[in-house]
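Report on one structure; see the data block that follows.
The values are calculated or read from the model by the stated rules, or taken from the named source; none is laboratory data. Everything numeric here is computed off the predicted structure, so don't read it as measured data. So basically every Cβ, Gly included, is an ideal-geometry build from the backbone, and we count neighbours across all protein chains shown.
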Amino acid sequence: MKWIMIMAVMAGLSGAAGAAEFSDLQRLGPAGVAGLEARVVEVPAVNKWAVGYALDGMLNIREGRIILNTPDGRLFRLELDPALARRYDGRTVQVEGKAMQADDLDVLKVETIAPYTPPVKPEQAVHDPMQRPAALVSDSDAELTVNNVRWLYTRKPRPGVFDWAAATVKPALIRDIYLIKQPFPPEQLAAHSLLLMTFEKGGLTDAAGNESFGLVLSVEAYLKQGQAYNPVTGMGNAFNIVWVLATWEDYSSRSVLLNNNRLIPYKLKNFSMPQKTWLAREAVRQAAVNRAGEFYNTVTNNCTNNLIILMNRALPEVRRIPMWEVPYSVYNIEATMPVLVPPYLQSKGLLGPELPVINAASLYAPLP
């Protein structure tokens with residue numbers, strides 16, 4: 001059981017984006033990893049409420065339902081003792097709690113609640129400039145338009161310089177979908193997972209009509225300037241979360257040319273064209289969900305398990321990957337740890353074989 005807990009923590013090394021993603025782990029060395037083991041085994045078991053939240057808003061009781069209305073217009077139903085809720089009815093409160101998972105955020109199980117106290121000095125958070133939350137502009141049967149897609153308008157990326165575009169996605173023109181693994185030392189434990197959706201001509205364009213080969217979805221810890229990612233602190237509410245959309249040209253070239261990483265693709269298998277079309281649409285929709293106040297979690301809300309959750313939404317119930325090894329008690333590590341997910345999905349008939357690695361020599365070669 002102890003080694004499972006260690007792996008669970010290492011899965012969270014996928015969360016941050018950029019060249020220093022895994023620098024903390026690389027500095028640990030064998031002795032540090034052994035020390036990390038001792039700390040990890042003290043982590044209590046998770047429950048079915050997997051996604052942490054901290055929110056401010058107005059609490060109202062409506063027809064027996066306890067509702068939190070946030071300043072940005074979101075509505076959450078609170079699971080809270082009714083007697084306690086009546087004390088705050090009609091008042092602005094601060095709530096900490098958990099939702100079920102990243103695609104099921106309507107209900108929050110409240111852990112703490114208190115009257116809202118305005119901060120003495122409101123925080124002006126400045127995040128990593130290569131991360132922006134996507135924003136859905138329009139959504140029709142034929143196409144979706146989404147803002148804040150990281151594009152690349154030069155042959156090679158420049159460090160610290162990013163192009164952002166409004167992209168139009170036509171799900172019906174989906175070609176293939178790949179799970180991409182991006183390994184980091186120590187590679188037996190650490191990697192980042194991302195989803196790549198490739199399109200036929202005209203499937204992914206910007207406002208000027210420029211085309212891209214594919215759209216990447218990368219779920220990451222949303223780091224503020226001055227924050228450093230750490231897998232142990234990622235078990236708590238240390239980092240917010242962001243679902244980044246980028247073109248394949250941008251993501252792959254930054255990873256390979258700037259960060260000297262390699263990418264290992266696997267093609268999704270036994271997904272019908274309607275399922276792939278639906279998955280492409282849902283990936284964009286979920287990327288654009290307002291996740292303000294939502295926390296990244298090393299095990300239950302990371303780069304990898306959220307991709308599995310998306311895949312599950314496109315599959316019939318009998319083919320879905322269980323997210324819990326023991327229902328609502330032990331999380332399924334094979335559905336959340338990047339190095340274990342590919343063979344696990346292959347065993348379920350959902351992923352093809354490992355494809356040729358993408359590195360500096362093969363960066364511009366077409367994907368199989």
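Taken across segment 234-241, residues that are in contact with a helix residue (DSSP H, G or I) (Cβ under 8 Å, 6 or more places away or on another chain) and part of a helix (DSSP H, G or I) do occur, with at least one present.
If the condition is being outside any loop (DSSP other than H, G, I, E, B) and not small (G, A, S), then segment 117-140 contributes H127, L136, V137, D139.
Just so you know, in segment 247-271 the residues that are among the charged types (D, E, K, R) and part of a helix (DSSP H, G or I) include one that is surrounded by the fewest Cβ atoms within 10 Å (Cβ to Cβ), and it is E249. Please determine whether any residue of segment 220-240 is under 23 Å from Q346 (Cα atoms) and crowded, with 20+ Cβ neighbours inside 10 Å. No, that holds for no residue. Would you check if Y364 is of a type in the set (F, W, Y), modelled with pLDDT under 95, over 30 Å from L55 (Cα atoms) and assigned to a loop (DSSP other than H, G, I, E, B)? Yes, satisfied. For segment 60-98, a residue qualifies if it is of a type in the set (D, E, K, R) and buried (at least 16 other Cβ atoms within 10 Å of the Cβ), and the qualifying residues are R74, E96, K98. The residue pairs whose first member lies in segment 277-301 and is closer than 18 Å to N148 by Cβ, whose second member is acidic (D, E) and not in a loop (DSSP other than H, G, I, E, B), and whose beta carbons are closer than 8 Å, counting only pairs six or more residues apart or on different chains, are R285/D139.
Say we look at segment 307-356 and pick out the residues that are more than 24 Å from D176 (Cβ to Cβ) and aromatic (F, W, Y); which of these is surrounded by the most Cβ atoms within 10 Å (Cβ to Cβ)? The residue in question is Y331. Hey, E187 hits all of (1) farther than 22 Å from A287 by Cα; (2) of a type in the set (D, E); (3) in contact with a helix residue (DSSP H, G or I) (Cβ under 9 Å, 6 or more places away or on another chain) but one; which does it fall short on? The one condition E187 does not meet is (3). Residues in segment 194-222 that are hydroxyl-bearing (S, T, Y), touching a Ser or Thr at 6+ places or on another chain (Cβ under 7 Å) and closer than 18 Å to Y178 by Cβ: S212 only.
Close Cβ contacts (under 6 Å, 6 or more residues apart or on different chains) running from residues in segment 123-142 that are touching a residue at least 24 places away in the same chain (Cβ under 8 Å) and surrounded by 12 or more Cβ atoms within 10 Å (Cβ to Cβ) to residues that are aromatic (F, W, Y) and not in a strand (DSSP E or B) comprise M130/F162. One residue stands out among those in segment 272-294 that are under 12 Å from the mean Cα position of the chain (by Cα) and either at pLDDT below 95 or not in a helix (DSSP H, G or I) (or both): the one that is nearest to V242 (Cα to Cα), which is R291.
Given the condition over 30 Å from P186 (Cα atoms), among the aliphatic types (A, V, I, L, M) and either out of contact with any Ser or Thr (no Cβ under 7 Å at 6 or more places or on another chain) or in the same structural domain as N312 (by TED's automatic domain parsing) (or both), answer yes or no: does some residue in segment 236-247 qualify? Within segment 236-247 (the criterion being over 30 Å from P186 (Cα atoms), among the aliphatic types (A, V, I, L, M) and either out of contact with any Ser or Thr (no Cβ under 7 Å at 6 or more places or on another chain) or in the same structural domain as N312 (by TED's automatic domain parsing) (or both)), the answer is no, since none of the residues qualifies.
Residues considered: E334, E325. Of these, the only one that is assigned by TED's automatic domain parsing to the domain that holds Q131, in a helix (DSSP H, G or I) and acidic (D, E) is E334. Within segment 207-229, being out of contact with any strand residue (DSSP E or B) (no Cβ under 6 Å at 6 or more places or on another chain) and either farther than 24 Å from A191 by Cβ or modelled with pLDDT under 90 (or both) holds for A208, G209, N210, Q225, G226, Q227, A228.
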